[in-house]
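Throughout, read-outs are computed from the coordinates displayed, never taken from laboratory work. Everything numeric here is computed off the predicted structure, so don't read it as measured data. Ideal geometry is used to build each Cβ from the backbone, glycine not excepted, and the neighbour counts take in all protein chains shown.
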Amino acid sequence: MDRKTNNVPIARVEHLVKIYTLGDVEVPALRGITLSIEQGEFVAVMGASGSGKSTFMNILGCLDLPTRGTYFLEGLDVSTLSRDELARIRNQKIGFVFQNFNLLARTSALENVELPLFYMHNISSRERKERAIEALRIVGLEDRRDHYPSQLSGGQQQRVAIARALVNNPLLILADEPTGNLDTRTSVELMEVFQTLNDRGITIVLVTHEPDIASFAKRTVLFRDGKIMRDSAVQGRRNAGEVLASLPVVEEEGTI
């Protein structure tokens, strides 16, 4: 599932400004951000509530547009794209993982993972199923493909969500507080999945408020009041597999 970008940064923002208007009041969320994300990076974006990190992620995911400044995705100026082109970019080049999983309750794990492929009309139903099964295999859930979300633990549901983000072979995976609703061991298990994906060459940007989770990334970017206060390599990066080996095993609940 590796993708090459010809040495162009996967994402680059220049002098990015985002201002929200609430009645007669202007609220600046981003105040001139310049940042590049290269192929194969694993970046943890941190900051308190209201620091601008979620706004930054929404712009990276083409869910929102900046007020001023430029965002280049794989060298392409996103501001020049139409609404339909933005939707196509989101579906084909970006994988999203959310805190609340966002799975369809009455749909199996396999069908949940297949969903993004329904928007790609050049893929047969057989290929769609094969790609979804492969994505589930990568996250260790191939044997749960026929289970519904209610039959899966929280960690397993988030793995399904990661598989869904993977199925289109995205340029970039954006994860917004993916461990926010999970216990410590399950959170580390998910970070092991992200580290494994990153080792395969997949670029990951993860929003978290937890320093322990950020320590599994390769780079941290700290936001405060719409500005970048720190951008640095992770010192003493933790290996999720090694951390897991030191934690007690807890039997998963909610599985059948």
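Remark: the ASN102-LEU76 segment gains 6.5 nm on full extension, using 0.36 nm per residue and subtracting the alpha carbon distance. Residue order for ASP199, ASP176, fewest other beta carbons within 10 angstrom first, comes to ASP199, ASP176. Once the Cα atoms are used to define both axes, helix 154-166 deviates from the longest principal axis of the chain by about 60 degrees. Taking only Cα atoms, what is the 0 to 90° angle, nearest 10, from helix 83-93's long axis to the longest principal axis of the chain? The two axes meet at around 50 degrees. The value obtained for region 1-84, namely the Cα convex hull volume divided by the number of residues, is 117 Å³ per residue.
Report, in degrees rounded to the nearest 10, the 0 to 90 angle that the Cα long axis of helix 125-138 makes with the longest principal axis of the chain. That helix lies at roughly 90 degrees to the long axis.
With each label modelled as a point 7 angstrom along the Cα→C-beta vector, the SER246-VAL234 pair spans 1.4 nm. Over all pairs of different C-alpha atoms in the chain, the reciprocal of the mean inverse distance, the Kirkwood hydrodynamic radius, equals 18.9 Å. Sorting ASP24, ASP77, ASP225 from the fewest to the most surrounding beta carbons within 10 angstrom yields ASP24, ASP77, ASP225. Rounded to the nearest 0.05, what FRET efficiency do THR67 and GLN151 give with R0 = 45 Å and r taken as the Cβ-Cβ distance? Could you check? For R0 = 45 Å, the calculated efficiency reads 0.50. Express in % the proportion of alpha carbon pairs of region 94-224 at distances exceeding 25 Å. When every Cα pair of region 94-224 is considered, 21 percent fall beyond 25 Å. Of the residues TYR71, TYR20, the one with the fewest other Cβ atoms within 10 Å heads the list, and the complete ranking is TYR20, TYR71. In this calculation the C-beta distance from ARG126 to ARG88 is compared with R0 = 22 Å, giving a FRET efficiency of 0.40.
Give me the dipole magnitude in Debye, nearest 20, for region 68-179 about the Cα centre, with unit charges on the beta carbon: positive for Lys and Arg, negative for Asp and Glu.
That gives a dipole near 120 debye.
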